[in-house]
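Please treat every number below as a calculation from the coordinates, not as lab data. Since the structure is predicted, the reported quantities are computational estimates derived from the model, not experimental observations. Every residue, glycine as well, gets a Cβ built from its backbone with ideal geometry; the counts of neighbours run over all protein chains shown.
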Amino acid sequence: MALRIGIILGSTRPGRRGDRLARWVLDAARRHGGAEFELVDLADHALGNLDEPGNPTLAQYTHDHTRVWSEVIRSFDGFVFVVPEYNHSFPGALKNAIDYIYQEWNDKAAGIISYGGWAAGVRAAEALRLVLAEVQVATVRSQPAVNTHSGFETDEYVPSAGIESLVNTMLDQLLSWTSALLTVRTRRAAAAD
């Protein structure tokens, strides 16, 4: 069975540039191969502000939108987060989406591709790493960063030289860690039976 990697677009902002970058990342990941890749756009999931009354670690969800989100995230073995930097951090919509659930994230790996102005979103990526660690997602070292001052002039993202190579390095690390953590999850499930 092939590994499944969700490419999560971490912005829901109208007029965002991330949709172009995320589509390009999806295409680059499919060219790279080694897993099934699927784009997950937070704008397609009407989560609203966290509205579950219980602790997400118990997975006792009361709302259909949470159950759907739970199944989406549970279906993946690993993730690539495409995340912009807003005011030195990542968007609240992404933090909210992470906070809705807990167990579904556990023992999976993630790569982060940041984007933004002159800092290319690296502060958002570093802030995201802290949150992902708390939900037991292991982030890989390689972290492509995209400056939005070029490549976004049309409806399609046009990568600068070397970006695809950086993404491929991140994907190599991600697939390795994802495979290792699949073993961890399989053993945990077997022990629970």
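Worth a mention:
- As an equivalent ellipsoid, segment 5-121 spans semi-axes of 24, 18, 12 angstrom, where each value is the square root of five times an eigenvalue of the C-alpha gyration tensor, largest first.
- Under the criterion of Cα pairs below 8 Å and six or more residues apart, the relative contact order for the chain equals 23 percent.
- Amide H contacts for VAL146 (H built 1.01 Å from N in the peptide plane; partners 5 or more residues away or on another chain; cut-off under 5 Å): SER114, TYR115, GLY116.
- Simple spin-label estimate for ALA180 and VAL131 in nanometres, 7 Å along Cα-Cβ: 2.5
- Exposure proxy for PHE90, PHE76: other Cβ atoms within 10 Å of each Cβ, ordered fewest to most, give PHE76, PHE90.
- The distance from the alpha carbon centre of segment 94-117 to that of segment 133-176 is 15 Å, rounded to a whole number.
- Efficiency of FRET between ALA59 and GLU38 - r from beta-carbon atoms, R0 25 angstrom, step 0.05: 0.65
- Cleavage-rule hits (GluC sites (Glu not before Pro)) in segment 114-193: DSSP loop, at most 16 neighbouring Cβ within 10 angstrom: GLU153, GLU156
- Order of MET170, MET1 under a 10 Å beta carbon neighbour criterion, fewest first: MET1, MET170
- Residue-wise HN-Hα coupling along segment 21-31, computed from phi with Karplus coefficients 6.51, -1.76, 1.60 (Hz; x: Gly, Pro): 5, 5, 5, 5, 4, 4, 5, 5, 5, 5, 5
- Extension gain, THR154-ASN168: 0.36 nm per intervening residue step, less the Cα-Cα distance, totals 2.7 nm.
- Taking amide H as placed 1.01 Å from N in the peptide plane, the amide H of PHE81 sits under 5 Å from that of ILE8, GLY111, ILE112, ILE113, each at least 5 places away or on another chain.
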